[in-house]
1. Here are A:R84, A:R70: which of them is over 21 Å from A:T363 (Cα atoms) and of a type in the set (K, R)?
2. So A:E349 ticks every box in (1) among the acidic types (D, E); (2) out of contact with any helix residue (DSSP H, G or I) (no Cβ under 7 Å at 6 or more places or on another chain); (3) touching a residue at least 40 places away in the same chain (Cβ under 8 Å) but one. Which box is left unticked?
3. Can you name the number of the only condition in (1) facing chain B (nearest Cβ under 9 Å); (2) part of a helix (DSSP H, G or I) that A:A8 fails?
4. Where residues in segment A:144-161 are crowded, with 24+ Cβ neighbours inside 10 Å and not hydroxyl-bearing (S, T, Y), which of them is nearest to the chain's Cα centre (by Cα)?
5. Does A:S95 qualify as being hydroxyl-bearing (S, T, Y), touching a strand residue (DSSP E or B) at 6+ places or on another chain (Cβ under 9 Å) and either surrounded by fewer than 24 Cβ atoms within 10 Å (Cβ to Cβ) or within 14 Å of chain B (Cβ to nearest Cβ) (or both)?
6. So A:G113 fits all but one of (1) part of a loop (DSSP other than H, G, I, E, B); (2) over 21 Å from A:L136 (Cα atoms); what number is the exception?
7. Working only within segment B:30-58, note down all residues that are assigned to a helix (DSSP H, G or I), of a type in the set (G, A, S) and at pLDDT below 85.
8. In segment A:176-225, what residues are within 12 Å of chain B (Cβ to nearest Cβ), assigned to a loop (DSSP other than H, G, I, E, B) and of a type in the set (F, W, Y)?
Amino acid sequence: MSSPFDLAAFWSQWPKAVADETAVAAGRITRWPSLWERSRRVRKGSSPAEVVYEEDRLKVLHYLGNASPRHKTPLVFVYALVNRPYILDLKKGRSVIANFVEAGFDTYLVDWGIPTSADRHLMLDDYINGYLVNVLDFLRERTGVQKASVLGYCMGGTMSAMFAALHPQRVRNLILLAAPIDFASTESLLNVWTRDFDVDKFVDAFGNCPAEFLQMSFQLLRPVANWIEKPIRFYEHMHEEEFLEDFLTTETWLQDNIPVPGEVYRQFVKYLYQKNLLTQNRMPVGKHIVNLRNIRCPVMSIMAGKDDLVPSAQSLPFNDLVGSKDRRVLLLPGSGHIGLAIGSRAQKEVWPQACGWLAERST
Amino acid sequence: MNETTSFDKAAQDVAAFQKMCLESLAKSFQAAFKFSPDSAPPEILREVRAGIFQALTESWDQFMRSPQFLESLRQWMDNAVTFRTMTNEFLGRLRNEVQAPSRNDIDTVMLAVRHMEKRLLDRLDEVSAQILKANGTSPARPPSAPGAKRSGSKAQRRRGQPAKTESEIS
């Protein structure tokens, strides 16, 4: 039986609580002057790397480990065309890439660069059958290994899946991280909003899809969390050094939006969000049609249980659509889209498993 | 008649927003009184606040899926596109007047280049296929979809260069 509510004791706690809060608030205020300077000093990418290949705006980074790679098959990270790829190597202890480098993988990252108006005519064909083919060919020449493992994050995962289906002879293993594949679900607000969106008019008028538009759309997915809860949480914890560092690093990346080439945006919205052609094996990429059944390499699909951007319902069908026999799903419940990459739980639970899975298949 | 219809529509929009606000408020109040009286005062406030935010999040999610919100979004996008188109046309005319290349001119040149590239790549594909056929080997690239159109690829078959300078990311 619960004890009776003691009103006097309850009220007596308030003066102490107010005094404690005042003291902490004073500590927070002293932090304000240095915040701007600290936010400007945030590093974009933490692991040592060198640029090994360049083409137009694209750069391929090779990550340098302390020892020579133990696994022969190179691993290529393919990031989305939205935002910058350093989320995969955000900071020490929260870097997906560092996990793989330390596990002995010869690790590369494709940085697509920042598109300008001149790139508005680039299509998925250019990225998948052009740039990615060239990158994989370059790695084959550099390493002497015929096939590489490909890890795609978010939109980069969708592109990686298309690449693996069109060029199965170049992919040894495929890992998709929160990659949207099935766009039929209306769980994500993005799917609801884009259903009747006139993307032709939009791209014809704007050229590239503006970074500000994308930023606003992502913020609007969770208005209460982004515009009310986040500032409050920041104020409450800004006196904690670790929190402040994590917050500034993550926010720097979140605000670092880039435009998406107009034609790619048009194809993504029209063929995927509106017609869901990928799951029907009818997705056109240049003169080719993507058939996911052509993917016969080992596949691992990693997704988050509380992802607002790419709900697990959008990634889950992938394993049933491919022709592979070696398939694995890794679901991190309670995690969000970004948490899947940089969250402390993901670092402990997801990445060691993913490294182990890939190591067994990279000899 | 039209005025009545637009008035009805506006009234429906307002009613939907009002419903969302009232529901948010009701849920927030319910959440606010769910705290445990044994908790320390700051904890009580945090519990209340978390409940209110949860209620607000659910209400906003529902509202942002409502036909009224989607209609407003569509109108807002239409206006943004119209404004941008007008700006483009104005700037295009201005540049033409001062004999400078406008976005339209650049697009026309780009399209011409891409069409030329497409024709060349198609021809190259045919030549490669003939060479492979003569050598008795199969093509390395995936087969084309029947009747599919080539988009003309900027990066295809144009290899980049290995970087000459190695720079460490800072």
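The values are calculated or read from the model by the stated rules, or taken from the named source; none is laboratory data. The shown structure was predicted, so the numbers you read here are calculated from the model rather than taken from an experiment. With ideal geometry, Cβ positions are generated from the backbone for all residues, glycine too; neighbour counts draw on all protein chains shown.
1. It is A:R84.
2. Only one criterion in (1) among the acidic types (D, E); (2) out of contact with any helix residue (DSSP H, G or I) (no Cβ under 7 Å at 6 or more places or on another chain); (3) touching a residue at least 40 places away in the same chain (Cβ under 8 Å) is unmet by A:E349, namely (3).
3. Status for A:A8: all satisfied but (1).
4. A:C154
5. yes
6. (2)
7. Of everything in segment B:30-58, those that are assigned to a helix (DSSP H, G or I), of a type in the set (G, A, S) and at pLDDT below 85 turn out to be B:A31, B:A32.
8. A:F197
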